[in-house]
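> Got a structure for you, questions after.
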Amino acid sequence: MRTALLATALTVGPTLAMAEPERYELDPEHTTVAFTVMHVGYAATLGLFAEVEGGFVYDRETQELSEVEVTVQTSSLETLNDARDEHVRSGDFLNVSEFPEMVFTASGGTPTGETTGEVPGELTLLGETHPLVLDATLNKAGVYPFGHERFTLGLSLSGNLQRSDWGMTYGVDNGLVGDEVMLIVETEAMRAED
């Protein structure tokens with residue numbers, strides 16, 4: 001999901017005087033794509049993907065969002081249990097050998113509040129592409145106080161999907177693994193350097 005999932009929140013940022021749209025890149029050191037899914041009805045299992053890249057174009061003056069693309073390397077899955085990780089990487093779930101990437105793309109978004117919005121897009125997973133809407137919150141916008149010192153947008157995004165829509169049906173009928181998956185994206189997106 002070139003988790004683009006992240007770019008979603010940008011459509012809702014505070015209006016700042018800017019003349020034109022600018023490119024933002026997800027900071028790989030400060031971007032996390034995670035998920036929760038119910039296990040046998042007892043508790044949700046939390047997992048995350050360690051390798052995510054992507055970016056988007058955003059106009060802070062008009063709040064227009066475009067060219068969102070986030071790519072997640074599915075083999076970078078971590079659930080803090082080696083046996084479970086191998087199972088989730090297998091053909092029962094992510095089938096990472098055949099489908100090494102999960103990609104989220106979007107071409108716009110709709111503000112729902114001063115710092116919140118929705119980003120309707122598409123998620124490509126297991127060779128299938130279906131709609132996915134992310135709820136986004138702009139946490140902070142400003143020049144990073146150290147390190148790269150680039151203008152940065154801090155974003156929190158989330159959305160829900162039915163994994164069976166993408167053909168991932170293992171454990172659904174017998175209730176071993178929930179069908180509904182919550183996606184969670186936390187990112188710092190840096191304005192691209194000229």
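The values are calculated or read from the model by the stated rules, or taken from the named source; none is laboratory data. Because the structure is a prediction, the values reported are computed rather than measured. Using ideal geometry, Cβ is built from the backbone for each residue, glycine included, and neighbour counts are taken over all protein chains shown.
> In the range 107-154, what count of residues is obtained for those that are within 28 Å of residue 75 (Cα to Cα) and in contact with a Lys or Arg (Cβ under 6 Å, 6 or more places away or on another chain)?
1
> Another question about this same structure. Within the range 18-34, does at least one residue satisfy the condition of being among the polar types (S, T, N, Q), over 18 Å from residue 154 (Cα atoms), in a strand (DSSP E or B) and at pLDDT 95 or above?
Checking the range 18-34: not a single residue is among the polar types (S, T, N, Q), over 18 Å from residue 154 (Cα atoms), in a strand (DSSP E or B) and at pLDDT 95 or above.
This table checks each residue for (1) buried (at least 16 other Cβ atoms within 10 Å of the Cβ); (2) of a type in the set (Gly, Ala, Ser); (3) modelled with pLDDT under 95; (4) under 19 Å from residue 66 (Cα atoms).
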residue: 123; (1), (2), (3), (4): yes, no, no, yes
residue: 129; (1), (2), (3), (4): no, no, no, yes
residue: 134; (1), (2), (3), (4): yes, no, no, yes
residue: 140; (1), (2), (3), (4): no, no, no, no
residue: 164; (1), (2), (3), (4): no, yes, no, no
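> May I pose another question? Could you tell me which of the residues 69, 98 is among the charged types (D, E, K, R) and either surrounded by 14 or more Cβ atoms within 10 Å (Cβ to Cβ) or part of a strand (DSSP E or B) (or both)?
69
> Look at the range 93-109 and say how many of its residues are in contact with a Ser or Thr (Cβ under 9 Å, 6 or more places away or on another chain), more than 19 Å from residue 184 (Cα to Cα) and not small (Gly, Ala, Ser).
4
> Another one. Which condition number in (1) modelled with pLDDT of 95 or more; (2) out of contact with any His (no Cβ under 7 Å at 6 or more places or on another chain); (3) more than 21 Å from residue 150 (Cα to Cα) is the one that residue 45 fails?
(2)
> Right, another one. Would you tally the residues in the range 20-33 being closer than 21 Å to residue 80 by Cβ and either crowded, with 17+ Cβ neighbours inside 10 Å or basic (Lys, Arg) (or both)?
So the answer is 2.
> Out of the range 72-95, which residues are in a loop (DSSP other than H, G, I, E, B) and surrounded by 15 or more Cβ atoms within 10 Å (Cβ to Cβ)?
Result: 79, 93, 94, 95.
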